[in-house]
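Remarks on the structure that follows.
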Amino acid sequence: MDTHENRPFATGTGYGRQPSTYDRDLVEAGPGTPMGELMRRYWQPVAMSRQVTGAPVEVKVLGEDLIVFRDGNGRPGVLHSRCCHRGTTLYYGRVEDDGIRCCYHGWKFDVEGNCIDMPCEKENGKGIRERVRQPWYEAKERYGMIFAYMGPPERRPALTRWSNLEDVPEGFKLMTVGPAFASGADASLEYIKCNWLQHWENTLDPFHVQVLHATFSHVQFVEEFGIMPDVTWGEDDLGAHYVAHRDLDDGRKVDRVTCIWYPNARSVPSVELKPGPGHNLGWVVPRDDESANSYAVFKVPEDFEMEGAEMIPGKKWSEMTEEEHQRYPGDYEAQVGQGEIALHSEEHLAGSDGAIRLIRAGLRRQIKRVESGEDPAGVFFGEDEALVEVTSGNFFSG
Ligand code: FES
Ligand SMILES: [Fe+2]
């Protein structure tokens, strides 16, 4: 008879486990953290130009609450959102020709945080307004994005250009998507509800494409992804890439090349497996430790419009029932399903996680460089050298 007395002790149960942890150096990006300092050495996208028209836009970037606006002369401004007078948010401020005016007592700040008016003070604050400064960051606009530099001013690099976004030919345009551009979700999402790293490192996870996107749920992109790829990965000074090779049923062969650059950029080729180089560049920017923004810029034909993709026939992601999310999960469910912050102490990385190991090691190397007083990879000071060659794409042969 099977009684509990004569059964062997159970092993591997959840009882008595140590608390789970995550790699704080890679995950936390607030001011003063190792990753936060690394991220602050690069221009980071903080908003899309098309968002910044009349009213100021509220954003959270690397743990800091900011507002982005464009003054009446068209200059982009990025300021801490809390007014340095008595702290109300400049989100309720009014944009004027030469700056933004706080709604509470009317202090006005220009795009560099200088206080240029104090209407409640004698002579509009002449003599005292020069002594206050609203914390600000330098802002630049390119590719339809507003980038801010939030790091030490003396280490400010040139704003990187990306080869595949330069030279937009006649009949083409640059199209920006964000602030929650996530495969498997739709525009209803305000931001990515998990830590930046688990969202970004998915970019270099070629094997989940066969499982999650082509066999487990149903065919989310193209049937060809149902073939398990032969994968190689590699790295250079600036980042890493994988090559996923597939022999297709029709005799053609395809090398799918996806690239990342430290600390948080990426280029994913067409998920419809359209032949040719990748026509986009994206960034995953931490908002705080439990959420991120994701932006991308695409070079597309002039008449192209991004449709809200259907995740299952007839339904967008935001229209799916809970049961449908369970039966047909996509990238978003899998990544947010790792928890607000993936617990690295509980992972068991396998052979197919080679590129994940590689890019985590690469990030740690960049952190060390910053900590030892060097500049990290991909930081260029001359405008001419600040051009990165993008090599992503779906390359067919045979
Ligand atoms: S709180 Fe902004 S002007 Fe007083
Ligand atoms: Fe995916």
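The values are calculated or read from the model by the stated rules, or taken from the named source; none is laboratory data. Please read these numbers as outputs of a predicted model, since none were measured by experiment. Reconstructed Cβ throughout: ideal geometry from the backbone, glycine too, with neighbour counts over all protein chains shown.
The criterion of at least 1 residues that are within 16 Å of ligand 1 (Cβ to nearest atom) and modelled with pLDDT of 95 or more is met by the following strands (runs of 3 or more DSSP E) wholly inside the range 75-180: 76-80, 94-96, 99-101, 115-117, 136-142.
Considering only the range 181-197, I want to know if a residue exists there that is away from ligand 2 (no atom under 11 Å from the Cβ), part of a helix (DSSP H, G or I) and touching a Phe, Trp or Tyr at 6+ places or on another chain (Cβ under 8 Å). Spell out the reasoning first.
Of the range 181-197, the ones away from ligand 2 (no atom under 11 Å from the Cβ) are 181, 185-197.
From the residues that got through so far, the ones that are part of a helix (DSSP H, G or I) too are 196-197.
With touching a Phe, Trp or Tyr at 6+ places or on another chain (Cβ under 8 Å) added as a condition, the list becomes none.
No, every residue in the range 181-197 fails to be away from ligand 2 (no atom under 11 Å from the Cβ), part of a helix (DSSP H, G or I) and touching a Phe, Trp or Tyr at 6+ places or on another chain (Cβ under 8 Å).
If you go through the range 201-212 one residue at a time, do you hit one that is more than 29 Å from R256 (Cα to Cα) and either assigned to a strand (DSSP E or B) or away from ligand 1 (no atom under 16 Å from the Cβ) (or both)? Looking for residues that are more than 29 Å from R256 (Cα to Cα) and either assigned to a strand (DSSP E or B) or away from ligand 1 (no atom under 16 Å from the Cβ) (or both), one finds none in the range 201-212, hence no.
Could you look through the range 137-158, keep only residues that are out of contact with any Pro (no Cβ under 7 Å at 6 or more places or on another chain) and over 22 Å from G36 (Cβ atoms), and pick out the one that is surrounded by the most Cβ atoms within 10 Å (Cβ to Cβ)? Explain how you work it out, then say what you get.
So the first thing to find is which residues in the range 137-158 are out of contact with any Pro (no Cβ under 7 Å at 6 or more places or on another chain), and the list is 137-138, 140, 142-144, 148-158.
Those still in the list that are over 22 Å from G36 (Cβ atoms) too: 142-144.
Working: R142: 17, Y143: 22, G144: 18.
My answer is Y143.
Could you say which residue among A185, A240 is at pLDDT below 95 and of a type in the set (A, V, I, L, M)? So that I can check it myself, show each step before the final result.
Details: A240 fails: at pLDDT below 95.
A185 is the lone residue from the list that is at pLDDT below 95 and of a type in the set (A, V, I, L, M).
Within the range 223-246, can one find any residue that is farther than 29 Å from V336 by Cβ, touching an Asp or Glu at 6+ places or on another chain (Cβ under 9 Å) and not hydrophobic (A, V, I, L, M, F, W, C)? Yes, some residue in the range 223-246 is farther than 29 Å from V336 by Cβ, touching an Asp or Glu at 6+ places or on another chain (Cβ under 9 Å) and not hydrophobic (A, V, I, L, M, F, W, C).
Taking the conditions exactly as written (surrounded by fewer than 20 Cβ atoms within 10 Å (Cβ to Cβ) and on the phi > 0 side of the Ramachandran plot), does G226 satisfy them or not?
no
Under the condition of being in contact (Cβ under 8 Å) with a residue 60 or more places away in the chain and not in a helix (DSSP H, G or I), which residue from the range 213-231 is nearest to N280 (Cα to Cα)? My answer is Q220. Of all the listed residues (G234, G282), the sole one being surrounded by fewer than 17 Cβ atoms within 10 Å (Cβ to Cβ) and either touching a residue at least 24 places away in the same chain (Cβ under 8 Å) or not in a loop (DSSP other than H, G, I, E, B) (or both) is G234.
Looking at V268, V219, V254, V243 in this structure, which one is farther than 30 Å from G63 by Cα and within 15 Å of ligand 2 (Cβ to nearest atom)? So that I can check it myself, show each step before the final result.
Numbers: V268 fails: farther than 30 Å from G63 by Cα; V254 fails: within 15 Å of ligand 2 (Cβ to nearest atom); V243 fails: within 15 Å of ligand 2 (Cβ to nearest atom).
Residue meeting the stated conditions: V219.
Whether a residue is farther than 21 Å from P286 by Cβ and not in a loop (DSSP other than H, G, I, E, B) was assessed, and R50 passes this test.
Can you tell me which residue in the range 159-177 is nearest to ligand 2 (Cβ to nearest atom), limited to those that are within 19 Å of M39 (Cα to Cα) and out of contact with any Gly (no Cβ under 8 Å at 6 or more places or on another chain)? My answer is W162. Condition check: out of contact with any Asp or Glu (no Cβ under 7 Å at 6 or more places or on another chain), over 20 Å from M35 (Cβ atoms) and among the charged types (D, E, K, R). Does E322 satisfy that? Judged against the criteria, E322 is a match.
In the range 191-214, of all residues being charged (D, E, K, R) and under 13 Å from the mean Cα position of the chain (by Cα), the one that is farthest from E272 (Cα to Cα) corresponds to K193. Among residues belonging to the range 335-348 that are under 17 Å from the mean Cα position of the chain (by Cα) and within 19 Å of S188 (Cβ to Cβ), point out the one that is nearest to ligand 1 (Cβ to nearest atom). If we take residues in the range 335-348 being under 17 Å from the mean Cα position of the chain (by Cα) and within 19 Å of S188 (Cβ to Cβ), then V336 is nearest to ligand 1 (Cβ to nearest atom).
Quick check on this structure: which one of R86, R41 is closer than 30 Å to F380 by Cα, among the basic types (K, R) and outside the structural domain of I367 (by TED's automatic domain parsing)?
Numbers: R86 fails: closer than 30 Å to F380 by Cα.
Result: R41 is the single residue among R86, R41 that is closer than 30 Å to F380 by Cα, among the basic types (K, R) and outside the structural domain of I367 (by TED's automatic domain parsing).
Selection of the range 360-378 for residues being on the phi > 0 side of the Ramachandran plot and in contact with a Leu (Cβ under 8 Å, 6 or more places away or on another chain) yields only G378. Taking (1) assigned to a strand (DSSP E or B); (2) surrounded by 17 or more Cβ atoms within 10 Å (Cβ to Cβ) in turn, E58 satisfies each apart from (2).
Mind telling me which of the residues Q18, Q44 ends up being among the polar types (S, T, N, Q) and surrounded by fewer than 16 Cβ atoms within 10 Å (Cβ to Cβ)? Break it down into steps so the answer makes sense when it comes.
Working: Q44 fails: surrounded by fewer than 16 Cβ atoms within 10 Å (Cβ to Cβ).
Among Q18, Q44, only Q18 is among the polar types (S, T, N, Q) and surrounded by fewer than 16 Cβ atoms within 10 Å (Cβ to Cβ).
Tell me yes or no: at least one residue of the range 78-90 is of a type in the set (A, V, I, L, M, F, W, C), touching a residue at least 60 places away in the same chain (Cβ under 8 Å) and either within 16 Å of ligand 2 (Cβ to nearest atom) or surrounded by 15 or more Cβ atoms within 10 Å (Cβ to Cβ) (or both). Break it down into steps so the answer makes sense when it comes.
In the first step, residues of the range 78-90 are kept if they are of a type in the set (A, V, I, L, M, F, W, C); the result is 78-79, 83-84, 90.
Adding the requirement that they be touching a residue at least 60 places away in the same chain (Cβ under 8 Å) leaves 78.
Filter once more, keeping what is either within 16 Å of ligand 2 (Cβ to nearest atom) or surrounded by 15 or more Cβ atoms within 10 Å (Cβ to Cβ) (or both): 78.
Within the range 78-90 (the criterion being of a type in the set (A, V, I, L, M, F, W, C), touching a residue at least 60 places away in the same chain (Cβ under 8 Å) and either within 16 Å of ligand 2 (Cβ to nearest atom) or surrounded by 15 or more Cβ atoms within 10 Å (Cβ to Cβ) (or both)), the answer is yes, since at least one residue qualifies.
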